[in-house]
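J.: Sharing a structure below in structure tokens format, with a few things to ask.
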Amino acid sequence: VASTNMEARVDSLMLAHLPLLLHPNPASELTVGFGSGGTSSAITSHDIEAWCVEIEPEVPGAARFLKDQNFGVLSHPKFHLVLNDARDHLAITTRRYDVIATDVTNLQYRQNSSLYTVEYFERMRDRLNDGGIACAWIPMAAINTEELRILMRSFQHVFPHATLWFMNHTHTNFGILIGTPKPLSIDYSRIASGMQPEAVRANLALIGIQDPL
């Protein structure tokens with residue numbers, strides 16, 4: 001599922017910017033699921049290595065129709081596409097990442113529960129560098145309270161220092177779970193400096209975020 005509306009753009013961009021601005025010195029991020037390519041494009045705005053694992057070749061194949069979202073990221077020199085199942089990739093790769101972000105179809109479709117299990121989150125954790133940050137999109141609608149509690153508890157079981165982020169500056173119905181190696185301490189100066197590069201500022205401006213607050 002990929003969309004070009006504002007809510008979907010907030011979703012895709014913040015899965016890149018939020019963990020990268022919280023990390024003190026990121027050099028790479030892996031996103032699970034290409035979608036419109038917006039997350040991968042946002043990662044490259046930080047001038048780091050942008051990796052994406054996608055199970056369906058037709059998804060990046062449609063990227064040419066969504067260049068307003070991905071800005072031609074497939075040809076970016078720091079973008080790397082892996083065509084594989086995410087669980088398999090995380091199990092067999094020897095590569096480690098500073099950030100891993102999972103962004104997959106809403107659980108209401110009953111097709112991707114294996115990407116929200118304790119075992120999957122453990123695979124994410126095992127492929128993070130020391131000090132790495134885990135990031136997961138979660139639905140806040142079309143899911144009942146008990147299911148949401150199970151999902152968040154599964155994430156927290158693997159990442160005890162978990163925080164839930166909700167972007168309320170525009171209409172959204174999703175949250176972003178962030179797992180950090182230690183209790184999260186907001187470094188305002190780090191966020192402010194991370195937003196300074198022109199490419200990052202321009203990308204965040206697309207979703208109405210123009211200052212750290």
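J.: Inside segment 71-103, can you point out the residues that are out of contact with any strand residue (DSSP E or B) (no Cβ under 6 Å at 6 or more places or on another chain) and of a type in the set (D, E, K, R)?
T.: Asp85, Arg87, Asp88, Arg95
J.: Scanning for something closer than 29 Å to Ala202 by Cβ, in a helix (DSSP H, G or I) and modelled with pLDDT of 95 or more, does segment 75-95 turn up at least one residue?
T.: yes
J.: Is it fair to say Asp68 is out of contact with any strand residue (DSSP E or B) (no Cβ under 9 Å at 6 or more places or on another chain), modelled with pLDDT of 95 or more and of a type in the set (D, E, K, R)?
T.: No, not satisfied.
J.: Say we look at segment 121-173 and pick out the residues that are within 24 Å of Arg96 (Cβ to Cβ) and part of a loop (DSSP other than H, G, I, E, B); which of these is most open to solvent (accessible area, probe 1.4 Å)?
T.: The selected residue is Pro160.
J.: Go through (1) more than 22 Å from Met6 (Cβ to Cβ); (2) at pLDDT below 95; (3) of a type outside the set (A, V, I, L, M) for Gln210 and report which single condition fails.
T.: Status for Gln210: all satisfied but (1).
J.: Checking the condition touching a Lys or Arg at 6+ places or on another chain (Cβ under 9 Å), in contact (Cβ under 8 Å) with a residue 24 or more places away in the chain and open to solvent by 60 Å² or more (accessible area, probe 1.4 Å), which residue from Asp47, Asp68 passes?
T.: Every option except Asp47 fails the conditions.
The values are calculated or read from the model by the stated rules, or taken from the named source; none is laboratory data. A quick note: this is a predicted structure, and the numbers were derived from the prediction, not measured. Please note: Cβ atoms are built from the backbone with ideal geometry, for glycine as well, and neighbour counts cover all protein chains shown. Quick note on the areas: whole protein, heavy atoms, side chains included, nothing else; ligands and nucleic acids left out. Shrake-Rupley method; radii C 1.70, N 1.55, O 1.52, S 1.80 Å.
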